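*Asks:* Pasting a structure here, questions to come.
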Amino acid sequence: MQQPTRLARRHLSTTALVFMIIAASAPLTVLAGGVPTSFAVSGLLGVPVGYLILGLILAVFAIGYGAMSGHVQNAGAFYAYVAEGLGNRQGIAAAILALVSYNMMQVGLYGLFGFSLAALITGLFGIAVPWWLAALLGWVIVGALGVNSVDLSAKVLGVLVALEFLVVGVVSILALVAAPEGIEFQTLDPQNFFTPGIGVLLAFGIAAFMGFESGAIYSEETKNPRKTVAPATYVAVAVIAVFYMFSSWAFSVGVGASSIVASSQEFGPDLVFVWLAERSPLLADVANVLFITSLLAALVAFHNGAARYFFALGRTGVLPKKLGLTSARTGAPFAGSLAQSAVAVVVIVVFALAGAGSPLGDLFPVLTLFTWLTNAAAFGLVFLLAITSIAVVAWFSRRHHGHGVGTRVVAPVVSALGLITVAILILVNFDLMIGAEGPSPLVAIMPGIIIGSGVVGLIWGEVLRRRHPDVYRAMQHEDQIPESQELPVVANHPHS
């Protein structure tokens, strides 16, 4: 009996896709972890402006990216776009780089998730739980959702993201009510952003947006890719950017602009919870729980992305064909999902063994697994976004598809320049991002893994071209849903 190799079709709506995109960005995790870290490391007040600037860069990127998504639908989004725009070898390089980046981002999150869940269990029940055991509990949940219907993931993520927005909204309101120095706008003053140290703000801030591009990964599973992916991406970028800007500004008002940097440096990622506990211990406990579910939502979102890259590469023969198998019952890429789960459990076990007896103590998974892998992954994904922008220009140069010069050329060129700048800033500030005290080989090793994966992809592409020309040629057209098979969009029609 032949195993299916097609994903479930026509399931996800625009709203569901927006929630899945935002889940990867983890709004509560950003407020609790990203915002205090940005204030602390940069020593600058312009953190909220940084989120807005990055949101504008990514919104410009989304113009060309979204336009191309209406013509090329593939679960390996970066892979398909770069292959179509720049050639098959470059597409394979982008695919391997994306696969490594998504896996590093997903697996790295287990470090923070395991630490946070273990700490919560100890605080609530007085039971000492090792971080790796807590991480494995999350691993089981994520793995189960990964091999199930994408609809189930969408529903779970929808609930978790809604709860995140609720708690961040409550924190923001409490902050504006508290306002020890009054409602002031120092952190929104552009002068506090455009200043020496701006690179640190951009380098740290971009991680908060990672996953926003994942809408195209689900293009084969949406109700109508030509009418779903681009709008979902635009909405997600706008919501994330405005929400981050507002919540980080509101929290700075709640702490006080004159002390937000010092407080962030003193308490770090605990600042939000310490601040909440002074006003409502119950709300602080609720926020702690939702912080963990926020991480779980991000784990599911990046797991799904990595699983679909495994699937897309297996389907075309770039990786073993078995990775391209899907579930006959759910339409999920179960082979790719199992592969991602296998990678995750191996890394968790390795770090659990390495951390036994470490002088870093309980913080070992946060300062190593989480910090090393997620920052390297952020660099990889930003670099891929820049390459994809270039691929968009190249693809539209051969056929305009009815789009104007602003969409085809101006927007992707501007976004490529902006994203390359951010990627360079991440490299320049990588020692700060991983908390290295003095020279560290990790500054070269972690980004080197990312670049090296792309080089391996180029070499593998050349091997396929020479030894498996049939597989190489079959990659030429990556649109998995021909226009003739698209569902028509009819306004107010119950069956559209």
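The values are calculated or read from the model by the stated rules, or taken from the named source; none is laboratory data. These numbers were taken from a predicted model, which means no experiment stands behind them. With ideal geometry, Cβ positions are generated from the backbone for all residues, glycine too; neighbour counts draw on all protein chains shown. Accessible surface is based on the protein model in full, side chains and every heavy atom, while ligands, DNA and RNA are left aside. Shrake-Rupley method; radii C 1.70, N 1.55, O 1.52, S 1.80 Å.
*Asks:* Taking amide H atoms as placed 1.01 Å from N in the peptide plane, list the residues 5 or more away in sequence, or in a different chain, whose amide H sits under 5 Å from that of Ser327.
*Replies:* When sequence neighbours closer than 5 places are left aside, the close amide H contacts are Ala332, Phe334.
*Asks:* Within region 259-299, which residues have the backbone N less than 18 Å from the label spot 7 Å out from Leu133 along Cα→beta-carbon, could you tell me?
*Replies:* What the label zone holds, given the 18 Å backbone N cut-off, is no residue at all.
*Asks:* So if R0 is 30 Å, what FRET efficiency would Leu353 and Val428 give, r being the distance between their Cβ atoms, rounded to the nearest 0.05?
*Replies:* 0.35
*Asks:* Okay, next question. Quick check: pseudo-label points 7 Å beyond the Cα along Cα→Cβ at Glu278 and Leu166, how many nm apart are they?
*Replies:* Reported label-point gap for Glu278 and Leu166 is 2.7 nm.
*Asks:* Would you mind working out the accessible area per residue for region 342-407, using a 1.4 Å probe, and quoting it in Å²?
*Replies:* That works out to 43 Å² for each residue.
*Asks:* Give a residue-ordered list of calculated ³J(HN,Hα) values for region 286-295 (Karplus: 6.51 cos²θ - 1.76 cosθ + 1.60, θ = phi - 60°; whole Hz; x for Gly, Pro).
*Replies:* Each residue's phi maps through the Karplus curve to give 4, 5, 4, 5, 6, 4, 5, 5, 5, 5 Hz.
*Asks:* Within region 104-148, name every residue whose backbone N is under 15 Å away from a label modeled 7 Å from Cα of Val346 along the Cβ vector.
*Replies:* Under 15 Å, as judged by backbone N against the label point of Val346, lie 104, 107-108 of region 104-148.
*Asks:* Where nothing but the Cβ of Lys and Arg (+1) and of Asp and Glu (-1) is charged, how large is the charge dipole of region 385-477 around its Cα centre, in debye to the nearest 20? All intermediate terms of the calculation are to be shown ahead of the outcome.
*Replies:* Working: 7 positive and 4 negative charges, 137 e Å.
Dipole of region 385-477, to the nearest 20 debye: 660 debye.
*Asks:* Now, a different point. Taking amide H positions as placed in the peptide plane 1.01 Å from N, state which residues far from Leu319 in sequence (5 or more) or on other chains have amide H under 5 Å from it.
*Replies:* Gly314
*Asks:* Could you order Asp431, Asp362, Asp470 by accessible surface area, starting with the largest, using a probe radius of 1.4 Å?
*Replies:* Result, largest first: Asp362, Asp470, Asp431.
*Asks:* For Val229, Val129, write out the residues from largest to smallest accessible area, computed with a 1.4 angstrom probe and no ligands counted.
*Replies:* Final ranking, largest accessible area leading: Val129, Val229.
*Asks:* I would also like to ask the following. Long-range amide H contacts for Thr222: which residues qualify at under 5 Å (H placed 1.01 Å from N, peptide plane, sequence gap of 5 or more or a different chain)?
*Replies:* Arg10, His11, Leu12
*Asks:* For region 295-382, give the percent of accessible area contributed by carbon and sulfur heavy atoms, probe 1.4 Å, rounded to a whole number.
*Replies:* Of all accessible area on region 295-382, carbon and sulfur atoms account for 74 percent.
*Asks:* Ok, one more. Provide the gained length on full extension for the span Ser258 to Ala144, in nm with one decimal, where the gain is 0.36 nm per separating residue minus the Cα-Cα distance.
*Replies:* Gain on extension, Ser258 to Ala144, equals 36.4 nm.
*Asks:* Classify region 81-128 as rounded, prolate or oblate, taking a ≥ b ≥ c as the square roots of the eigenvalues of its Cα gyration tensor: rounded when a/c is under 1.5, otherwise prolate if a/b is larger than b/c and oblate if not.
*Replies:* Verdict is prolate for region 81-128.
*Asks:* Sticking with this one: Once you order the gyration tensor axes a ≥ b ≥ c over the Cα atoms, which shape class does region 366-471 get: rounded for a/c under 1.5, otherwise prolate or oblate by comparing a/b with b/c? It would help to have the intermediate numbers written out before the result.
*Replies:* Working: a/c = 3.47, a/b = 1.45, b/c = 2.40.
Verdict is oblate for region 366-471.
*Asks:* Fully extended, how many nm does the chain gain between Ala436 and Ile183 (0.36 nm per residue separation, minus their Cα-Cα distance)? Can you show the working numbers first?
*Replies:* Details: separation 253, 0.36 × 253 = 91.08 nm, distance 3.63 nm.
Gain in length upon complete extension: 87.5 nm.
*Asks:* How much accessible surface does Ile63 have with a 1.4 Å probe, in Å² rounded to 10?
*Replies:* The accessible area of Ile63 comes to roughly 60 Å².
*Asks:* Rounded to the nearest 500 deg cm²/dmol, what is the calculated helix-only ellipticity per residue at 222 nm for the chain, with -39500 (n - 2.57) per DSSP H run of length n ≥ 4?
*Replies:* Per the formula, -22500 deg cm²/dmol.
*Asks:* Oh, and also: Once phi is turned into ³J(HN,Hα) by the Karplus curve 6.51 cos²θ - 1.76 cosθ + 1.60 with θ = phi - 60°, what whole-Hz value does each residue of region 415-426 show in order, with x for glycine and proline?
*Replies:* Each residue's phi maps through the Karplus curve to give 5, 4, 4, x, 6, 5, 4, 5, 4, 5, 5, 4 Hz.
*Asks:* What distance in nm lies between label points placed 7 Å from Cα along the C-beta direction at Leu363 and Tyr234?
*Replies:* Each label point is offset 7 Å from its Cα along the Cβ direction, giving 4.5 nm.
*Asks:* First check a/c for region 112-268, with a ≥ b ≥ c the square roots of the eigenvalues of its C-alpha gyration tensor; if it is under 1.5, answer rounded, and if not, answer prolate when a/b is larger than b/c or oblate otherwise.
*Replies:* It is oblate, given that a/c is not under 1.5 and a/b is not larger than b/c.
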